[in-house]
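Below is one structure, written out as structure tokens; comments come after it.
Please treat every number below as a calculation from the coordinates, not as lab data. These numbers come from a predicted model, not from an experiment. Neighbour counts run over all protein chains shown; Cβ positions are idealised from the backbone, glycine included.
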Amino acid sequence: MRLLIKNGTLINAEGLTEMKRDILIADEMIMQIKENITDEYDMMIDATGCHVLPGLIDAHCHLREPGFEYKEDIESGTLSALHGGFTSIACMPNTNPVIDNEALINYIYDRSKQINRTKVYPIAAVSINQEGKMLTEMGFLKLAGAIAFSDDGKPVESSSFMKKALLYADTFDGLIISHCEDKSLCEDGVMNEGYMSTVLGLSGIPKVAEELMVYRDVRLAEYTGTKIHIAHISTRESVDIIRQAKNRGVKVTAETCPHYFTLTEESCDHFNTLAKVNPPLRTSDDVIAIIEGLKDGTIDIIATDHAPHHNDEKNVEFSYASNGLIGFETAFCLSYTYLVKPGHLTMSQLVSLMSFKPARILSLDAGEINEGKQADLTIVDVNERKTIDITKFKSKSSNSPYHGFEVYGEIKNVIIDGKVVL
Amino acid sequence: MSLTVLTACIYAESELEMKFEKDLLGLKNLNEEQILYVIDTARKMKMLIDSPNKKSPQLQGKTIITLFYENSTRTRMSFELATKYMSGNAANISASGSSVAKGETLIDTGKTLDMMGTDIIVMRHPCSGAADLLAKNVRASVINAGDGMNEHPTQALLDFYTILEHKGHIRDLKIAIVGDIKHSRVARSNVYGLTRLGAKVFLCAPKTLIPPDMEKTGAIITTNLKEALDGAEVVMGLRIQKERQNSGLLSSVREYHKFFGLNEQSLKMADKDAYIMHPGPVNRGVELASNVMDGPLSLINEQVKNGVAIRMALLYILTRRSI
């Protein structure tokens, strides 16, 4: 099977980039990249006017299987990811039961291979049942295919436990992804603490609750000489802490999500539960700082933190509503519209944030378009303006605050292992 | 004015000259004209409360339900009496002993009440925004009788009415609100309304009981009771919940009373004719000394009476708005 992609603009994070090239794919691999390929092919995609990117990679999502299939499952989650242009995704272990053993790692791989769509890489828990008490068998889990370790959603409270987790994971070259939140400072907070929380009469989550833990974890990684990945940063000070740590040579990487550079706490006005997420949406000053962090490389990647919830869990009192929003199907168009379109980033930088760097952080041999590489590609058209319509989402859930947003960036085709799956 | 004349003059205005939304959720989005219109209507209603036969026909055929997820004495009772004085059908539900206790959602409870022919649902709820949520999901008008830390608009309106009755105006008055501002929906509704009506509002509390960026509402924030009370013409105390001690927001009630308590001593800093107000229930000897509460300048009992009048006015207005 030979697939030819003609006339597209090829975008890589590094090396060959922003060039008009044809790409010839044979079986699962990229065979040839050059101008005007005239070889024989079985199938041809005309990518005139489109950009051809290495397949997008999401290092942080929630597929809800097993346990919460009424919100999402691997079937619907990978379909949603595919329509968002993702060829690989890493799912968080806060399922029921928690992914803290090899059997569940195998289960996730079996299910996703059966479905055979976007590739799914499970992240295992740091602690048994995410309770922050006993370490998981990270060696076994890594052998079974756990791509990283995280107690996302239930942050590791004890500093001493985090220190041990970093050291133990490092023994197996494992990566800890830390959800940074000082729970004692958050108390019963449900949105960013500030003027908006005051006038809505809602309890606030102070920025410093995130920043203290970012600092703690970065310093613990520095002290132990281990690597760490900081999940979904949302404040100016978090960006600064990571910037300074990187300058000191700490092995820290960081991610943010589209909602932290496109929305602010104002979205919570009128008690809009679709804008309830943890960490909470912050202020316009934080948005500016996040964009600066993306520009100067302090923030390595954009992840979705795709967090599906049933309508019944959002259509309640703000304080009772679940945290999170779905992100697969809006991540690329929002990132393009809010970062590349206004000139903050080049397409190539965006590819770095959404494909090349996530692959490096997760140690995947992916994220670039080069001869001899696996053919995971995403073809996008950024010329047409479109309106986000949450009723058209492929996800089982529709908890997104972006309904009606005007954006650019249509996912035209997705190629996984040389096969056109979208 | 005799009762029949009063009834006739209110009844004649079948069409309100002021536009109101379906619901009364808070003072954040009520303008000065609307506030004064409610108070003006309440003034007429008060005559009924003072008359020997407390019955008028204005809510005949209207059904008003009070749905309370939190305890209440005066707010709930004043809504029920307001309904009954005006010949409406009053019914009440509390969270315990209803399907709420079985886990029914707010929207489902609201829709159930809606289908029974309810005209107005009066709700108190521990979550901020609950009244907004209910209002979006029912056909009936919703009156917010207190939602979490967000708003308590009918309390604020009765406070304004009481201040107007005694001071004649609100513009340029110095009004001090002292107590747990952070957790108080009464403080918030008062600040929104009083600043809109042109008062100089001072808020005073220990820093742990002041929410962030409160000064952006137009109120002046201070931890110095002297600064708050200096020349104040109206002083409002807010309830200090003893639970606040356990959560580390206060060290002791004794210390609170020493630095923030309203008593004869501290009130010497205020205007000599300063009126004392409190939304109730009062912790005697904590935020307010007993002799001040029972003293000649206390308007606390007057507030309760005006509360019935304000609620009568609101029930009248919201049942008339669609005619």
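The three principal axes of the C-alpha atoms in segment A:280-406 carry coordinate ranges of 52, 34, 33 Å, sorted with the longest axis first. Between segment A:10-29 and segment B:23-64, the alpha-carbon centres lie 72 Å apart. Alpha-carbon geometry of chain A: the Rg and the Dmax are 20.5, 66 Å, given in that order.
With each label modelled as a point 7 angstrom along the Cα→C-beta vector, the residue A:7-residue A:113 pair spans 4.0 nm.
Among the listed pairs A:183/A:392; A:133/B:207; B:174/B:207, a Cα-Cα separation exceeding 27 Å is found for A:183/A:392; A:133/B:207. Considering only A:40, A:75, A:65, the Gaussian network model of chain A with Cα springs below 10 Å gives its largest mean-square fluctuation to A:40.
Considering segment A:43-163 at the alpha-carbon level, its Rg and Dmax are found to be 16.1, 56 Å. For the protein assembly as shown, the percent of C-alpha pairs falling in each 10 Å distance bin, counted from 0 to the bin holding the largest distance, reads 3, 13, 20, 20, 16, 13, 9, 5, 2, 0, 0.
Along each principal axis, taking the top coordinate minus the bottom one, the Cα set of segment B:140-248 gives 45, 41, 24 Å in descending order.
Dipole size of segment A:353-422 about its Cα centre, with +1 on Lys/Arg Cβ and -1 on Asp/Glu Cβ: approximately 260 debye, rounded to the nearest 20. Remark: the residue B:165-residue B:254 segment gains 28.6 nm on full extension, using 0.36 nm per residue and subtracting the alpha carbon distance. Here is the list for segment A:219-308: trypsin sites (Lys or Arg not before Pro) lying in DSSP coil, each with at most 11 other C-beta atoms within 10 angstrom of its C-beta, are A:248.
Treating r as the C-beta distance of residue B:230 and residue A:323 and R0 as 45 Å, the FRET efficiency rounds to 0.50. In this calculation the C-beta distance from residue A:384 to residue A:43 is compared with R0 = 35 Å, giving a FRET efficiency of 0.90. The mean number of Cβ atoms from other chains found within 10 Å of a Cβ in peptide B:131-137 is 3, as a whole number.
Relative to the longest principal axis of the Cα atoms of chain B, helix B:300-320 runs at roughly 30 degrees.
Convex hull volume of the Cα atoms of chain B, normalised per residue: 134 Å³. Applying the criteria of a DSSP loop state and at most 14 other Cβ atoms within 10 Å to the GluC sites (Glu not before Pro) of segment B:222-287 yields B:264. Quick note on segment B:260-323: its Rg to Rh ratio, both from C-alpha atoms and Rh being the Kirkwood radius, is 1.18.
The angle between the Cα long axis of helix A:74-83 and the main principal axis of chain A comes to about 60°, on a 0 to 90 degree scale. With a Förster radius of 45 Å applied to the beta-carbon distance between residue B:84 and residue A:187, the computed FRET efficiency rounds to 0.60.
When the Cα centres of segment A:97-122 and segment B:68-143 are compared, how far apart do they sit, in Å? Between the Cα centre of segment A:97-122 and that of segment B:68-143, the gap is 47 Å. Pick out which of B:148, B:61, B:103 has the largest mean-square fluctuation in a Gaussian network model of chain B, springs linking Cα atoms closer than 10 Å. Taking springs between Cα atoms under 10 Å, the residue moving most is B:103.
Basic side chains Lys and Arg get +1 at the Cβ, acidic Asp and Glu get -1 at the Cβ, and with that the dipole of the protein assembly as shown about its Cα centre reaches some 2240 debye.
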